[in-house]
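The values are calculated or read from the model by the stated rules, or taken from the named source; none is laboratory data. Note that the structure is a prediction, hence the values are computed from the model and not measured. Every residue, glycine among them, receives a Cβ derived from its backbone with ideal geometry; neighbour counts consider all protein chains shown. Side chains are part of the model used for accessible areas, which takes the heavy atoms of the whole protein and leaves out ligands, DNA and RNA. Shrake-Rupley method; radii C 1.70, N 1.55, O 1.52, S 1.80 Å.
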Amino acid sequence: MVFLIAYDLKSPNDTSLDYQRVIGGIKSIYGSWCHLEKSVFLVDTISTSAAIRDSMKPYLHRGDSLFVSRLAAGWASYALGDERNTWLKARTF
């Protein structure tokens, strides 16, 4: 199953080191991931949205926001590039 993880880091905890902490957390927890946009990842996991949310909490500060949702079939993209489109096409929705 593919899930979307979107986050927004709030000042003063929005430095490049803060983003690297969150990105590192996603990459270490989920073996199959796609960095879709600056603060948006896709992960392929058998987990649930709530479990993904809970696994990300240690990487966030109070005031940061997080959204997790399972994706369904029927996606479309524009100018994502070959690497991200290939990752998406290899997934089962």
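Within the shell of other residues whose beta carbon sits under 12 angstrom from the beta carbon of Ser32, the net charge comes to +1, with Lys and Arg scored +1 and Asp and Glu -1. Could you please state, rounded to a whole Å, how far the C-alpha centre of region 6-40 is from the C-alpha centre of region 68-93? Cα centroid to Cα centroid, the span is 19 Å.
How large is the dipole of the chain about the Cα centre if only Lys and Arg carry +1 and Asp and Glu carry -1, each at its Cβ, rounded to the nearest 20 debye?
160 debye
Counting helices only, and only those DSSP H runs with n ≥ 4, report the 222 nm mean residue ellipticity of the chain as the sum of -39,500 (n - 2.57) divided by its residues, in deg cm²/dmol to the nearest 500. Walk me through the intermediate numbers first.
Working: 3 runs with 30 residues, N = 93.
That calculation yields -9500 deg cm²/dmol at 222 nm.
Return the ratio Rg/(2.2 N^0.38 Å) for the chain, where Rg is computed over Cα atoms only. All intermediate terms of the calculation are to be shown ahead of the outcome.
Numbers: Rg = 13.2 Å, N = 93, 2.2 N^0.38 = 12.3 Å.
In units of the 2.2 N^0.38 Å rule of thumb, it is 1.07.
Just the accessible area per residue of the chain, please: how many Å² with a 1.4 Å probe? Please list the in-between numbers first.
Numbers: 5650 Å² over 93 residues.
The answer is 61 Å² per residue.
Local charge sum around Lys57 (other residues, Cβ-Cβ under 13 Å, Lys/Arg +1, Asp/Glu -1)? Local net charge: +1. Heavy-atom accessible area for Lys10, with the other protein chains in place and a 1.4 Å probe, reaches approximately 80 Å².
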